[in-house]
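Step one of this worksheet: look at the structure below.
The values are calculated or read from the model by the stated rules, or taken from the named source; none is laboratory data. These numbers were taken from a predicted model, which means no experiment stands behind them. As a convention, Cβ positions derive from the backbone with ideal geometry for all residues, glycine included, and neighbour counts pool all protein chains shown.
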Ligand code: FES
């Protein structure tokens, strides 16, 4: 008897979706392992045998939702207090930092919007919540 491992990587799934997948019985002679993250992580993806990602087109980012609502200024620069908005729009800079649900320095260009989120302009460099 042998056992093989299958490493599933779950990206951006809702909690109930993730739990349902993890509760499914493993394939015969296989052991299922799971890792998950809200945003894609290349190092986790590289170790996975199977990647299950939520690619729904209606799951827009916070920045896209704000842009659709006509909001272009996402904050101010920490030192000169100049207005900031989208710059790279792919999560590689700090131009779109906002405070989301009390957490500062969230890149809203790559963070998906969800019901009930509290999104605020960030003042200064943000108070780091521990
Ligand atoms: S605009 Fe550059 S990280 Fe969001």
Would you mind telling me which numbered condition in (1) in contact (Cβ under 8 Å) with a residue 40 or more places away in the chain; (2) within 25 Å of residue 120 (Cβ to Cβ) residue 50 fails?
-> (2)
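So, of the residues in segment 94-112 that are more than 10 Å from the ligand (Cβ to nearest atom) and surrounded by 19 or more Cβ atoms within 10 Å (Cβ to Cβ), which turns out to be nearest to residue 39 (Cα to Cα)?
Initially, segment 94-112 is screened for residues more than 10 Å from the ligand (Cβ to nearest atom), giving 99-105, 112.
Subsequent filtering for residues that are surrounded by 19 or more Cβ atoms within 10 Å (Cβ to Cβ) retains 99-100.
Values: 99: 17, 100: 15 Å.
Once the filter is applied, the top-ranked residue is 100.
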Considering each residue of segment 8-35, count those that are part of a loop (DSSP other than H, G, I, E, B) and within 15 Å of the chain's Cα centre (by Cα), and give that number.
-> 3
On the given criteria, is residue 91 touching a strand residue (DSSP E or B) at 6+ places or on another chain (Cβ under 6 Å) and within 13 Å of the ligand (Cβ to nearest atom)?
-> yes
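Given the structure, is residue 67 over 30 Å from residue 4 (Cα atoms) and away from the ligand (no atom under 14 Å from the Cβ)? Please lay out each step first, then the result.
On the way: over 30 Å from residue 4 (Cα atoms): yes; away from the ligand (no atom under 14 Å from the Cβ): no.
In short, no.
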The correct count of residues that are within 12 Å of residue 63 (Cα to Cα) and assigned to a strand (DSSP E or B) in segment 101-119 is 4
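Would you point out which residue out of 29, 115 is on the phi > 0 side of the Ramachandran plot, more than 16 Å from the ligand (Cβ to nearest atom) and exposed (fewer than 14 other Cβ atoms within 10 Å of the Cβ)?
Numbers: 115 fails: on the phi > 0 side of the Ramachandran plot.
Result of the check over 29, 115: 29.
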Would it be correct to say that residue 126 is closer than 30 Å to residue 22 by Cβ, outside the structural domain of residue 18 (by TED's automatic domain parsing), surrounded by 14 or more Cβ atoms within 10 Å (Cβ to Cβ) and within 16 Å of the ligand (Cβ to nearest atom)?
-> no
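Of all residues being part of a loop (DSSP other than H, G, I, E, B) and closer than 16 Å to residue 124 by Cα in segment 75-88, which is nearest to the ligand (Cβ to nearest atom)? Just the residue, please.
Start the filter on segment 75-88 by keeping residues that are part of a loop (DSSP other than H, G, I, E, B), which leaves 77-82, 85-88.
Keeping just the survivors that are closer than 16 Å to residue 124 by Cα gives 77-82, 85.
Working: 77: 13, 78: 15, 79: 18, 80: 18, 81: 18, 82: 15, 85: 8 Å.
Of everything passing the filter in segment 75-88, 85 is nearest to the ligand (Cβ to nearest atom).
Do you know which of the residues in segment 42-64 that are assigned to a helix (DSSP H, G or I) and within 14 Å of the ligand (Cβ to nearest atom) is surrounded by the fewest Cβ atoms within 10 Å (Cβ to Cβ)? Give the steps one after another, and end with the answer.
Initial filter on segment 42-64 (assigned to a helix (DSSP H, G or I)): 42-47, 62-64.
Going one step further and asking which of them are within 14 Å of the ligand (Cβ to nearest atom), we end up with 62-64.
Details: 62: 22, 63: 24, 64: 16.
Here the residue is 64.
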